[in-house]
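S.K.: One structure is given below, represented as structure tokens, and several questions about it will come after.
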Amino acid sequence: MPSTRIETRRGWLGTQKREFIEAVQRALMTGILIPENDRCIRLVEFDQDAMIAPPHVGERYVVIEISLFTGRTIEAKRRLYAALVTELAAFGLAAHDIKVILHEVPRENWGLRGLPASEIELGFKVDV
């Protein structure tokens, strides 16, 4: 049940925004084994002068912040990072153009349907 925010500079994605979001979704499914219908991804584009980046990255630099339940293994995180690089290569991104930040949240600190997620059957495993 991750919540994903993608940030990048405005313009370079053009009409491929939905395809880009779907590529990130596929990487989440491959990496941390979420179900296909588990979707919460937002794309935020900034004007050129509203975002600075390290000098070694390209104009298509993206920051992907993923809030997710605590419990994924380092192997799952490695799969996720690799899957993002693989999926986003189709959009002209090199590995050094992608920064991923994971925010691990205990289930009791995530509200769903008016309850803490720790009290809800999720329908999938978190400790993958």
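S.K.: Show that you can apply the helix-only estimate: for the chain, add -39,500 (n - 2.57) for every DSSP H stretch of four or more residues, divide by all residues, and state [θ] at 222 nm to the nearest 500.
M.R.: It lands at -8000 deg cm²/dmol.
S.K.: In addition: Less than 15 Å Cβ to Cβ from PRO54, Lys/Arg counted +1 and Asp/Glu -1: what total charge do the surrounding residues give?
M.R.: Local charge sum for PRO54: 0.
S.K.: Specify the angular offset, from 0 to 90 degrees and rounded to the nearest 10, of the alpha carbon long axis of helix 17-32 from the longest principal axis of the alpha carbons in the chain.
M.R.: With rounding to tens, the tilt is 50 degrees.
S.K.: Using Cα springs under 10 Å in a Gaussian network model of the chain, which residue among GLU36, GLU22, GLU45 shows the largest mean-square fluctuation?
M.R.: The residue with the greatest mean-square fluctuation here is GLU36.
S.K.: Mind checking the angle between helix 74-88 and the chain's longest principal axis? C-alpha axes, 0 to 90 degrees, to the nearest 10.
M.R.: 40 degrees
S.K.: Continuing with the same structure: Which residue, VAL85, PHE69, PRO106, has the largest displacement toward the positive end of the dipole of the chain when charges sit on each Cβ (Lys, Arg +1; Asp, Glu -1)?
M.R.: VAL85
S.K.: Could you tell me the relative contact order of the chain? Use alpha-carbon pairs under 8 Å, at least six residues apart, and round to a whole percent.
M.R.: 32 percent
S.K.: Given DSSP loops and a limit of at most 13 other Cβ atoms within 10 Å, what is the longest stretch of the chain that contains no such trypsin sites (Lys or Arg not before Pro)?
M.R.: Within the chain, the longest run free of exposed trypsin sites (Lys or Arg not before Pro) spans 11-112.
S.K.: Taking neighbour Cβ counts within 10 Å as the exposure measure, how do LEU33, LEU13 sort from fewest upward?
M.R.: With the fewest neighbours first, LEU33, LEU13 line up as LEU33, LEU13.
S.K.: DSSP beta bridges in the chain, what fraction antiparallel, as a percent rounded to 5?
M.R.: That works out to approximately 35 percent antiparallel.
S.K.: Still on this model: Rounded to the nearest 20 Debye, what is the dipole magnitude of the chain about its Cα centre when Lys and Arg each give +1 and Asp and Glu each give -1 at the C-beta?
M.R.: I would put it at about 120 debye.
S.K.: For the chain, go through all pairs of different Cα atoms, get the mean of 1/r, take its inverse, and jot down that Kirkwood value in Å.
M.R.: Its Kirkwood hydrodynamic radius stands at 15.4 Å.
Only the coordinates and a few stated rules stand behind these numbers; no lab work does. This structure is a prediction, so every number in the text was calculated from the model and none was measured. Don't worry about glycine lacking a Cβ; one is built from the backbone with ideal geometry, like all the others, and counts go over all protein chains shown.
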